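One structure is given here, and the rest of the page talks about it.
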Amino acid sequence: MSRFCEVIMRWGFKVMVLCIVCQVGVVQAQQPVEVAQSKVRDVALSLKLVGTVDPLLSATVSAEMAGRVNKMLVDEGDRVKEGQVLARLDDDVIRVRLVQVQARLQQAEKEYRRMSQLMEQNLASLERLQEVETALVLRKADVDLTKISLEHTAIRSPFSGVVAGVYIEKGEWINTGGRVADVIQSDQVFVLTS
């Protein structure tokens with residue numbers, strides 16, 4: 001038998017089996033079918049899983065400077081807005097220091113103006129003017145640093161959310177970096193199932 005005949009016989013057998021299967025499919029399709037009217041109704045879908053739910057955004061708010069807690073303005077469970085003050089540290093000493101450094105700045109500004117006038121009249125050296133100018137820059141930096149310290153006495157929420165935990169109370173001493181509160185954003189959560 002030639003190779004051609006073998007191929008024809010093999011394919012012929014496959015075609016014959018295919019025809020039989022199709023005939024059976026046609027026969028099965030002729031069985032009776034029930035028809036029903038479709039109706040609109042509510043269907044409760046539920047899915048029960050074991051897992052953990054975590055906020056997408058959470059932060060432990062810490063003190064940026066050491067100090068005595070003067071006011072605790074939130075409790076666990078409170079909703080807070082971005083920038084809202086959570087707690088205040090005692091700022092009496094810093095306010096007094098601000099008055100001092102501002103007075104020293106005013107004195108340095110007067111000295112600089114006086115020295116500039118003397119320089120224009122050739123009655124002062126360039127070296128002395130530069131010393132006074134450096135003192136003025138340092139006094140401005142002192143004022144800026146003191147204002148930053150004053151701002152750091154107000155411990156603020158980094159974003160809007162819910163206070164998940166509070167770690168300090170009024171009257172306590174807190175060190176730089178000490179935990180004040182946990183804030184989480186509960187609007188969006190991450191669900192991890194096992």
**Request:** Just need log10 I(q)/I(0) for segment 48-130 at q = 0.10, 0.20 Å⁻¹, Debye formula, equal scatterers on the alpha-carbon atoms, no solvent, rounded to two decimals.
**Result:** -0.59, -1.01
**Asked** Which of SER149, THR176, GLY161 sits closest to the plus end of the dipole of segment 114-178, meaning its Cα is farthest towards the positive end, when Lys and Arg get +1 and Asp and Glu get -1 on the C-beta?
**Response** GLY161
**Complete:** A 1.4 Å probe over the protein heavy atoms gives segment 46-194 a carbon and sulfur accessible-area percentage of 50
**Asked** For GLU111, what accessible area in Å² do you get when you roll a 1.4 Å probe over the heavy atoms of the protein chains, rounding to the nearest 10?
**Response** 50
**Request:** Counting only C-alpha contacts under 8 Å and six or more residues apart, can you give the relative contact order of segment 101-168 as a whole percent?
**Result:** 37
**Asked** Amide H neighbours of VAL80 under 5 Å, counting only residues 5+ apart in sequence or on other chains, H built in-plane at 1.01 Å?
**Response** GLY161, VAL162, VAL163
**Asked** How would LEU57, LEU47, LEU129, LEU86 rank on accessible area, largest to smallest, probe 1.4 Å?
**Response** LEU47, LEU57, LEU129, LEU86
**Request:** Provide the gained length on full extension for the span LEU47 to ASP144, in nm with one decimal, where the gain is 0.36 nm per separating residue minus the Cα-Cα distance.
**Result:** 29.2 nm
**Asked** When Rg is the radius of gyration of the Cα atoms in segment 123-194 and Rh is its Kirkwood radius, what does Rg/Rh come to?
**Response** 1.34
**Request:** Could you run the Karplus curve 6.51 cos²θ - 1.76 cosθ + 1.60 with θ = phi - 60° over segment 38-55 and give me ³J(HN,Hα) per residue in whole Hz, x for Gly and Pro?
**Result:** 7, 10, 8, 7, 6, 10, 7, 9, 9, 9, 9, 9, 9, x, 10, 10, 10, x
**Message:** Output wanted: per-residue J couplings in Hz (rounded whole) for segment 110-122, from phi through Karplus 6.51 cos²θ - 1.76 cosθ + 1.60, θ = phi - 60°, x for Gly and Pro.
**Reply:** 4, 5, 5, 4, 4, 5, 5, 5, 5, 5, 4, 8, 6
**Request:** Report GLU82's accessible area, 1.4 Å probe, all protein chains in place, as a number in Å² to the nearest 10.
**Result:** 130
**Prompt:** If you take the alpha carbon radius of gyration of segment 47-194 and divide it by 2.2 N^0.38 Å, what ratio comes out, to two decimals?
**Reply:** 1.64
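The values are calculated or read from the model by the stated rules, or taken from the named source; none is laboratory data. Predicted model only: the values in this text are computed from it and were never measured. Cβ atoms come from the backbone with ideal geometry, glycine included; neighbour counts cover every protein chain shown. Just so you know, the surface numbers come from the protein's heavy atoms only, side chains and all, with ligands and any DNA or RNA stripped out. Shrake-Rupley method; radii C 1.70, N 1.55, O 1.52, S 1.80 Å.
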